[in-house]
Amino acid sequence: MFTIEDLFHYSEDPTISRFVPREHPSHPGLTPAVWAIARMQAPMYYLPRDCPRIAFYQTPDSTEGDIQRFLGLSRARMVITIENRWYPRLLDTRLYQYTFSSDTFYCLDKLAGYYLSHEAVEPIDVMPMGDLLAKLSQEDVELRMTPSLLPLRDALLTSSLHFSMIRMRNAQIEDVR
């Protein structure tokens, strides 16, 4: 089993033997780094790499109104929403979980679970994820699908929930109605 110090990276490539710091397209101001995710937030990455997604969940500071509006009757610890057009790719994707020791990493954002290392990192383990829908369901995650993520993005930006918007540059931009 994994320890609390283990961090993860997810890739469709099972052959990476060394991760080298690189610039992040969504964070151009940051020094090049190897990115990793903490165990609790890892399900945000149980999806095809380029799949745009929005993950959100309540925090102690979330308002009851926002909890009702966005989570409704759901009791899942996290909701992840993807666009409908990505569903077939989700079913066909073979994803691999890389495990890192936390030795050279520091926490960039505790709520989001993001960790960075400015040193090259070698994984201590790599394993196939298997059925990604099954993995998400085992993590107490509710998966939602929508024609476009943009209305949800716009609504969450002013909410009190914690959210992570990943690969939004690949989101559907035209009106899908």
Running a GNM on the chain with Cα contacts under 10 Å, which residue among G113, G130, G72 ends up with the highest mean-square fluctuation? G72
Could you check how much of the accessible area of region 18-101 is carbon and sulfur, as a whole percent, using a 1.4 Å probe? 52
Distance in nm between label sites at T158 and D13, each 7 Å beyond Cα in the beta-carbon direction? 4.2
Against the empirical 2.2 N^0.38 Å scaling, what ratio does the C-alpha Rg of region 11-127 come to? 1.20
Averaged per residue, what accessible area in Å² does the chain show with a 1.4 Å probe, protein chains only? 55
So what does log10 I(q)/I(0) come out to for region 102-165 at q = 0.16, 0.20 Å⁻¹, using the Debye formula with one equal point on every Cα and no solvent? -0.91, -1.10
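The values are calculated or read from the model by the stated rules, or taken from the named source; none is laboratory data. Here the structure is a predicted model, which means the values were calculated and not measured. Methodologically, a virtual Cβ is constructed for each residue, glycine included, from the backbone with ideal geometry; neighbour enumeration extends over all protein chains shown. What goes into the accessible areas is simple: the full protein's heavy atoms, side chains included, and nothing from ligands, DNA or RNA. Shrake-Rupley method; radii C 1.70, N 1.55, O 1.52, S 1.80 Å.
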